[in-house]
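The values are calculated or read from the model by the stated rules, or taken from the named source; none is laboratory data. Because the structure is predicted, anything quoted here is derived from the model rather than measured. Counting neighbours? That spans all protein chains shown, and the Cβs are built from the backbone with ideal geometry, glycine included.
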């Protein structure tokens, strides 16, 4: 147990984070993008928990709760938008909604 | 009573605001009431304050009313404060009192004009700004008023803006005075640099301690201020704008371009007398400018055919007398002449206005004639004004004020015989062209029928001003005639008095006075002969090629316009034309061009595809984190 | 314990890779549940049992279920899976993967450049968390409440089907929508 260092935890968190980031980049489906964003948020929360455990303080967990709240709100709004996009374009392709280019 | 001082400049401003905002709704009668009433009440307050000032002068012979702080930055502190002493009291009195009569006169003169309330709005604004100029206790406030009157002058010269010539005259006046104002602004900077304050009293008390007599800085500062004064007061070499300024309505010419604004330069120099005394060179320059101007303008006045232009040149010439007086150190004589000049010149302009109104707006005097019978009140008051301008001996006020200047031009501190000779010769010319005007206009055959008979609103101002043009001079009599010095005693608290030694040589003073008087009478007789009895002589002379050329030369104001046209305007226009595509602009054209190119380049990245944006974020993150890692 | 932790970490990473590479949404979601559960295990092991419970309840429970509901509503068929496979081309993901890898390496480099400190692994009492939430972070809690409210209102407003315009002149335009 004592061999779990903060650095290990942070590396795991960043691996998860960049996997989520990669997901956002490579997927065209909006639904997958949202899922990947969730992964990124979760990874950030993981980093907070590790830091909280390192300093033995409750603040990391408090931050996780905030992130959780934010993720919930974000998913609700994001999915609502997604439904709208699907109704309008009959597809979940994010490139379809590209009318607002410069 | 002094506490009401702030009302004096405030009332005209208030009148301006009311007229500017609601002028159209008020109608002519109400506009006239507001416009004339505001000045009238201001004049009344001024007179009451003046009575109090005479009966029980305030402590230190000056009353300062600080209203509020205008600017306070580090050492730079400027208050909105009014400073009332003998000098500013005289100016305030003339501005409000003469101004009131001119406003009253305007009610009839402008009655048929469609922009009636606009006219009164400008006039009220002018009076307010002019009062600020003379009452301001610091140079910045003075400068504010200075520019304010310049603006009003511009607006009123171009009042009938539908005629492009009027607009041209307005621009000319504005630009030429701007040349002087720029010099004055630099002078103010210099004064602030030297004293760390713009408060006039502080500058005047500090100056003798900081600067010795003849100090270079003092000379430069006073010359720069003189530049401003020369521009505003239409003195050589910036006198070219005033004759053209006659394009404005005649009451404007009376108020702004004769009685008040053009004497602002006199006020400025008198106000800053403390530093001028430290720069004898500048004093000499002031005197020479005055002497040269009075001669140049006099010659130009001889040949003018437009009645208002004759008066304009006479104004330039009379202000030249004031400058001469300032230059030789006869401060109170200059202010005395200013006051008397304001009375008779306003009278003459108003009289000329009545004539123009009666002659279908004809301004060429040679097309008029024989108006003495048709317009008796105008004739007699105009005659009094002309007599005063020509310094008709003993009976007119102009004689006493001008005589003082002529005598001090010789005997005063900086006076010499050349200045005296110029002044005497100037008086001779003045009498000549003044009575040429009178004879041509009022005598001989009547050529145009009278279209407008003046009512009381014109007659009353004329009569009141004529009264002052006749009897205003008796408050100051020369050393040879009773030596009655009410006015200069009054001015003593604000301006240094002339030394008693000036009056030692009594026989010379008699000689000077008698010579001036005789010359004035001779020249009036000459005008009588040449323009009423034997006009043949004049026409014969002007028919010769030399005479014709001389006439043209004088008519054009001694060719100053011609000279400036070639010296400044054409090269400037040439530069402007050749440099139409300003090469400095290239840089500024390049900037938007570059940003537009960037815009096109970046707009390609705006694909509307979210994945691309995220890729961009990733690239940016790579770059910035790489920088962090490497560093 | 340490071994358990590493096993959980490896499961989390593998299942996350599966999430982002699946063509079928439901499969991806199921992998995400696995990933979240693994994360919850990690939380539990480093002394945050309360957060582990929250992770399972809200992330794995509520949020993922929300996704599933939406997928059901959209009623995507076989076509969508084919489409997804087509989109996941090699040339499409190699460059982003390269970028992510660089970023990851750099971040790992930065993390490892500081000294290694073991986490204590002591259990932090949920009571402490609660106290901290309602004293130090009270303003954050209030803001979260507002955020959630805004989320609810926004989601309701956005997801609502627009009423069809039944005006006879606008019928055509409405039909095109």
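Listing for the model above:
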{"read-out": "Any hit, the stretch A:66-79, residues being touching a residue at least 12 places away in the same chain (Cβ under 8 Å) and within 14 Å of chain B (Cβ to nearest Cβ)", "value": "yes"}
{"read-out": "Any chance residue A:70 is surrounded by fewer than 23 Cβ atoms within 10 Å (Cβ to Cβ) and either farther than 27 Å from residue C:80 by Cβ or over 13 Å from the mean Cα position of the chain (by Cα) (or both)", "value": "yes"}
{"read-out": "Residue within the stretch B:96-104 that is assigned to a helix (DSSP H, G or I), touching a residue at least 60 places away in the same chain (Cβ under 8 Å) and more than 28 Å from residue B:358 (Cβ to Cβ) present", "value": "yes"}
{"read-out": "Segments classed as helices (runs of 4 or more DSSP H), wholly inside the stretch B:514-631, with at least 3 members that are within 14 Å of chain A (Cβ to nearest Cβ) and surrounded by 14 or more Cβ atoms within 10 Å (Cβ to Cβ)", "value": "B:610-630"}
{"read-out": "Number of positions in the stretch B:431-453 that are part of a loop (DSSP other than H, G, I, E, B) and within 28 Å of the chain's Cα centre (by Cα)", "value": "0"}
{"read-out": "Subset of the stretch A:53-64 [assigned to a helix (DSSP H, G or I), within 7 Å of chain C (Cβ to nearest Cβ) and farther than 18 Å from residue C:38 by Cα]", "value": "A:54, A:59, A:62"}
{"read-out": "Residue A:5 being surrounded by fewer than 22 Cβ atoms within 10 Å (Cβ to Cβ) and farther than 27 Å from residue B:616 by Cα", "value": "yes"}
{"read-out": "Flag for residue C:38 being buried (at least 19 other Cβ atoms within 10 Å of the Cβ), more than 7 Å from every other protein chain (Cβ to nearest Cβ) and touching a helix residue (DSSP H, G or I) at 6+ places or on another chain (Cβ under 8 Å)", "value": "yes"}
{"read-out": "Sole exception among (1) surrounded by 11 or more Cβ atoms within 10 Å (Cβ to Cβ); (2) at pLDDT 85 or above for residue C:135, by number", "value": "(1)"}
{"read-out": "Failed item in (1) more than 7 Å from chain A (Cβ to nearest Cβ); (2) touching a helix residue (DSSP H, G or I) at 6+ places or on another chain (Cβ under 8 Å); (3) at pLDDT 90 or above, with residue C:76 passing the rest", "value": "(3)"}
{"read-out": "Out of B:295, B:311, B:278, B:284, sole residue that is at pLDDT 85 or above and not in a helix (DSSP H, G or I)", "value": "B:278"}
{"read-out": "For residue C:105: the one exception among (1) more than 7 Å from chain A (Cβ to nearest Cβ); (2) at pLDDT below 90; (3) within 30 Å of residue C:20 (Cα to Cα)", "value": "(2)"}
{"read-out": "Residue match in the stretch C:113-120 (condition: in contact with a helix residue (DSSP H, G or I) (Cβ under 6 Å, 6 or more places away or on another chain), surrounded by fewer than 14 Cβ atoms within 10 Å (Cβ to Cβ) and at the interface with chain A (Cβ under 7 Å from one of its Cβ atoms))", "value": "yes"}
{"read-out": "Unique residue being in contact with a helix residue (DSSP H, G or I) (Cβ under 9 Å, 6 or more places away or on another chain), touching a residue at least 60 places away in the same chain (Cβ under 8 Å), within 17 Å of residue B:264 (Cβ to Cβ) and crowded, with 23+ Cβ neighbours inside 10 Å when the list is B:129, B:121, B:173", "value": "B:173"}
{"read-out": "Condition broken by residue B:167, with the remaining ones in (1) assigned to a helix (DSSP H, G or I); (2) touching a residue at least 12 places away in the same chain (Cβ under 8 Å) satisfied", "value": "(2)"}
{"read-out": "In the stretch C:41-51, the residues that are under 11 Å from residue C:126 (Cβ atoms) and more than 8 Å from every other protein chain (Cβ to nearest Cβ)", "value": "C:49"}
{"read-out": "Set B:398, B:426, B:369, B:472: member being in a loop (DSSP other than H, G, I, E, B) and touching a residue at least 60 places away in the same chain (Cβ under 8 Å)", "value": "B:369"}
{"read-out": "Exclusive hit being in a helix (DSSP H, G or I) and either more than 7 Å from chain C (Cβ to nearest Cβ) or farther than 29 Å from residue C:145 by Cα (or both), set A:83, A:35, A:15", "value": "A:15"}
